[in-house]
Every structure is written in C-alpha cells, then in structure tokens.
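Scroll down for the structure; my scribbles are underneath it.
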Amino acid sequence: MVERQLAAAQRRLNALPKPAAAPQDPAAVNIASGARWGRLGRDADRAEKIVKAQAEVARLENHLEYLKKRKPIAFSEAELRAARVIRSEVGWEVVSRVNGATVTVGHGTTTARVPFEKVLEVRA
C-alpha cells in the first residue's frame with residue numbers, strides 16, 4: 001500500500017510545473033504592468049508546491065524503509081516455544097512463558113503479554 005502511495009506522490013511531483021527561469025535582462029520586463037511581480041508570485045507558489053511534494057515523497061520513502069525493517073521473520077510454533085527472546089514492535093524482550101495465543105515477556109514484577117501476531121522474530 002505504501003508503495004502505491006509513494007508512486008502516486010512521485011507522479012504528482014513530476015507533474016508539477018517547474019518555476020520559470022529568471023529573465024536575463026530584468027529591465028526587459030515592464031515593472032509598471034506588474035507582469036514581473038505576478039510571475040514571481042506564481043513561481044513562489046510553484047516552488048512551495050514542489051517543496052511540499054518532495055517532503056511527502058521523502059516521508060513515504062522513510063516510512064517504506066521503516067516497514068521493511070519491521071518485516072516479520074518467519075518462525076514455527078516450535079521455535080517460538082523454545083525461544084528465550086523475541087522481537088516485537090517494542091524491541092527485543094525476554095520470554096517468561098509461552099501461552100496459548102500470547103507470549104509473556106519481562107521478568108520479576110514487570111511483565112506483559114505479546115500476541116503471536118505481534119512477534120516479529122524469535123531467538124533461542
């Protein structure tokens with residue numbers, strides 16, 4: 001889904017008109033008519049839209065990279081039951097007990113339950 005959003009954002013960025021190049025001779029533009037100032041305003045608006053579109057593309061690229069790092073690594077139920085530590089959305093956690101549908105993590109008085117679906121990786 002993020003890949004499609006990124007592709008759409010890149011298409012929108014590429015479709016934006018680029019700001020016009022500055023004239024070689026600024027005196028050639030009739031300042032009294034306001035043509036020069038109107039063009040500068042339009043160019044500023046275009047540049048602002050381009051910057052916003054570039055920021056959106058960068059945000060989506062970072063999000064895609066983050067999702068790739070969070071991608072779960074396949075494991076079996078036997079590996080999960082033998083695991084000493086698991087990686088969840090929070091990070092690496094020590095396994096206290098493996099229950100029917102959750103893994104109890106933590107030690108001492110601080111424990112939490114992590115559903116099997118939220119386990120990203122296991123290590124023995």
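Descriptive notes on the structure:
- Only residues that are assigned to a helix (DSSP H, G or I) and loosely packed, with under 11 Cβ neighbours inside 10 Å were counted in segment 67-96, giving 4.
- Any hit, segment 3-23, residues being assigned to a helix (DSSP H, G or I), at pLDDT below 85 and closer than 30 Å to VAL119 by Cβ: no
- Taken together, the residues in segment 97-122 that are exposed (fewer than 14 other Cβ atoms within 10 Å of the Cβ) and among the basic types (Lys, Arg) amount to 1.
The values are calculated or read from the model by the stated rules, or taken from the named source; none is laboratory data. None of these values were measured; they are calculated from a predicted model. When we count neighbours, we look across all protein chains shown, and the Cβ atoms used for this are built from the backbone with ideal geometry, even at glycine.
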